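Here the structure comes first, spelled out in structure tokens, and everything after it is commentary.
Bear in mind that the values in this text are calculations on the coordinates, not laboratory data. These numbers come from a predicted model, not from an experiment.
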Amino acid sequence: MALSFKWAVTSAGIARLAALDSLQHRFATHLRQSGSYIRPIQELPGHVEIATTVRYTHGLKTAGGVIRNPLNALPAAGPPDASIPFA
């Protein structure tokens, strides 16, 4: 999986250093930014100490709320346009 991720990063032309952990960090950070409580976020990656999760989410001090999946905030994609032929 790590090799596939590295290939995807290279193929996308991303020059920054990226690893699979980057996805976990960003997902946890987006959960926190969307108002989720820190405690459930702590359990997702299996952190024992809350301080680790705070560091993991870059110390965001956002007020907590219910867990919301940040992917749900993306616009919904409709069915593909049938009038466009495949290349």
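Observations on the model:
- Each residue of segment 2-14 is assigned a 3J(HN,Hα), and the resulting list reads 5, 5, 5, 5, 4, 4, 5, 5, 5, 4, 7, x, 7 Hz, derived from the Karplus form 6.51 cos²θ - 1.76 cosθ + 1.60 (θ = phi - 60°), x at Gly and Pro.
- Length released on extending from residue 55 to residue 26, taking residue separation times 0.36 nm less the Cα-Cα span: 9.2 nm
- Under-5 Å amide H pairs with residue 37, H placed in peptide plane, nonlocal only: 65, 67
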